[in-house]
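I have placed the structure first, in the form of structure tokens, so that the comments after it can refer back to it.
No value in this document is a laboratory result; all are computed from the given coordinates. Not measured: the values here are computed from a predicted model. Cβ coordinates were reconstructed from backbone atoms using ideal geometry, including for glycine residues, and neighbour counts include every protein chain displayed.
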Amino acid sequence: MKNEFFLAFSELLEDKQLPQEIVAEALEAAMVSAYRKTVNASSAQQVEANFDVETGEVTIFAEKEVVEDVQDERTEVDLATAKLADEEAELGQVVMVESTPEDFGRVAAQTARQVIQQRIREAERQAQYDHFKTLEGEIINGIVQAMGSGMITLGLDRKAEGTMPRNHQIRGERFRLHDRVRALLLEVKMSPRGPQIILSRAHKNFLRRLLEDEVPEIYHGLVEIRSIAREPGYRSKVAVAGLQPGIDPVGACVGIRGVRIQAIVRELHDEKIDVIEWNPDPSAFIAKALSPARVSGVFLDETSETKTATVVVPEDQLSLAIGRDGQNARLAAKLTAWRIDIKSLPEATSDALVKLQEQPDLVQGDMSEMVAQVEVVMARKAEGRPITPEEYNLLGRFVNKVETGAEDQRQAEVEEQRARIAEARQGIPAAAFDIPLDELGVSPRLIIKITGEGYSTIGDLMLQLVMDSDQILSIEGVGPKAMEEVREAVEAFEFPEPEIVEEPEEAAEEMAAEAVEAEEELEVEAEAATEAGAEELEEEVSEAAVEEIVEAVEDEEAEEELEEELSFEQALAESEITFIDDDFDDQLLQNDDKGSKKRRKYREVEYDPDLDVNIVRRHRKRKGDEWGEEDWDDFLD
């Protein structure tokens, strides 16, 4: 049966929600601290505690020196006692021996109480931090514990507390004590008083997580949320895209009769949500982002620093496109990442007439007749007289032509600017764009000011000097003297010589020509070598045949070897193998006695890649009892 200590220890683990190892380590550290305080042990002495979870007993081990006569029991131990801990202990050694004081449990419990509580508290805080750090960016549940000064405190699991500041609450939402609230775990920070958990219901990722919970297609990756624009408590716009054909992303988010989106609206305190299908075409995407307003045309301007879209809407749709206090236009701009300029059709027509007067070549062709008709319609509009739908269509066509011409002109200017930059870059060494501006050799103060404007290399600075030097002069702190210093440094700077790299086509042609020449030379050498080898092979075969026929009469084994030799030589003659006889003294061998005993032969076959032939080398024993030097003769040398 488990004792009372084990039950109390288990209850502590369950209450604090901590691992057993962490609590045991805290208890052991507390026991070590209590032992040092009880016996007044030095901090330099090594002390360890062993805690038995089953029995609750604590055993202390201290480092002591083995001596014959113990003078200080705190740091010394006799040899007999040391042998109990370590059989190989000797005098003068330092060993770890059990040093648990009598009645240590009661004394230690009183002394180590604060240490144990502090260690367990620290372990509890660290466990809370690690747990909630993994949940960062997810939705968690909490219970309202306190409200005051605009901040709401929620009780979370693991006995943790989270705070929801005023700017992270939905405007107009009210809670009461003990209400259960869902919120996004926005951030977890460690502080001296424990983990600080920040919750939010106003963040756009809270809406993202709610959509993932309510829409299975988003959770499983069939529908993707591309962007979210939100003003908490009022309105939100969500751009979604289907990742598989045949899936309606908007319908999947709304659900049958709107049940899915209505559940999210209730959770967000009746916040209006517009679900929009994402489109890769910016014009179509911006037109949908301004829903529920109808859009007549969208004209893009990407030449300015901020991408601007001019949106033309019918006169009766202007207020709807802008929204209350500009909310609809503001959310559409956030959703699309474009600056949106909304105009009514009559206003856009007036601006188009002004543009056409300032730039007559804006539109190709004769526009005089259409301009006259548009002016008549605009005059009637100014008088307050009604305009027919056909006349509205005329205004729309006119605006479309003028704005399209303006777009083409801006695109032509962009292309012209690119051509100028490309032409300017040709006069600048390519290495200049890899050299940092610090190596230019001007004053560090000037380098800091220039690099602060985005010029990081010498090439960037030289390109700007060629394109428009006034841009450099307009930098704060850069005057005419500094400009002159920069110009002199650029002119005096010596760039490294560029490496000469052969053109791929020329290099390939040269390589092909060299390969053809090498192949022809190899063919000539191979033919000459083959003819010489064949003649030599024929002479060697005839001589060897005569010798071995004479020797075959005296020895049967020589005859068998002769047959093998002839068959091998015949195979060589029929093949393209070149045979080389490495004989150091051919004349001596020819004058040798024909009736002498057969000389042993050694063959070596190797492949010559240059000639594309196989070469057979033979090595014979010289006349006499001693072998000659193993020096192989190569016919190519």
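A simple spin-label model places the labels of Ala424 and Glu161 6.1 nm from each other, with each point 7 Å out along Cα-to-Cβ.
What the Cβ-Cβ distance of Glu302 and Gln373 gives, at R0 = 51 Å and to the nearest 0.05, is a FRET efficiency of 0.95. Treating each Cα of region 284-378 as one equal point scatterer and applying the Debye formula with no solvent, the log10 of I(q)/I(0) at q = 0.21 Å⁻¹ comes out as -1.04. Can you figure out the FRET efficiency of Glu21 with His131, using R₀ = 22 Å and their beta-carbon distance, to the nearest 0.05? So the FRET efficiency works out to roughly 0.85. Of the cross-linked pairs Lys16/Lys37; Lys16/Lys189; Lys37/Lys83, which ones have a Cα-Cα span greater than 23 Å in the structure shown? In this structure, Lys16/Lys37; Lys37/Lys83 lie more than 23 Å apart at Cα.
In whole Å and largest first, what semi-axes does the C-alpha gyration tensor of region 4-119 yield when each eigenvalue is scaled by 5 and square-rooted? Kindly include the intermediate steps, with their values, before the conclusion.
Values: eigenvalues 187, 41, 26 Å².
One finds semi-axes of 31, 14, 11 Å for region 4-119.
Were the residues from Ser319 through Phe495 laid out at 0.36 nm apart, the gain over their Cα-Cα distance would be 57.3 nm.
Its convex hull of Cα atoms gives region 135-202 a direction-averaged projected area, equal to a quarter of the hull surface, of 4.5 nm². By the compact-protein rule of thumb, 2.2 N^0.38 Å, the alpha-carbon radius of gyration of region 77-211 corresponds to a ratio of 1.80.
Using only side-chain charges placed at the Cβ, +1 for Lys and Arg and -1 for Asp and Glu, the dipole size of region 4-119 relative to its Cα centre rounds to 740 debye. Ordered from longest to shortest, the equivalent ellipsoid semi-axes for region 430-492 are 16, 12, 11 Å, each the square root of 5 times a Cα gyration tensor eigenvalue. Legend: calculated FRET efficiency, Ala44 to Leu13, from the Cβ-Cβ distance at R0 = 51 Å, rounded to 0.05, equals 0.90.
Annotation: extensible slack from His178 through Lys83 equals 27.7 nm (criterion: 0.36 nm per residue apart, minus Cα-Cα distance).
Any number yet on Rg/Rh for region 318-473, C-alpha, Kirkwood? Taking Rg over the Kirkwood Rh, I get 1.19.
Packing-based ranking of 379-385, 32-38, 133-139 yields 32-38, 133-139, 379-385, ordered from highest to lowest mean Cβ neighbour count within 10 Å.
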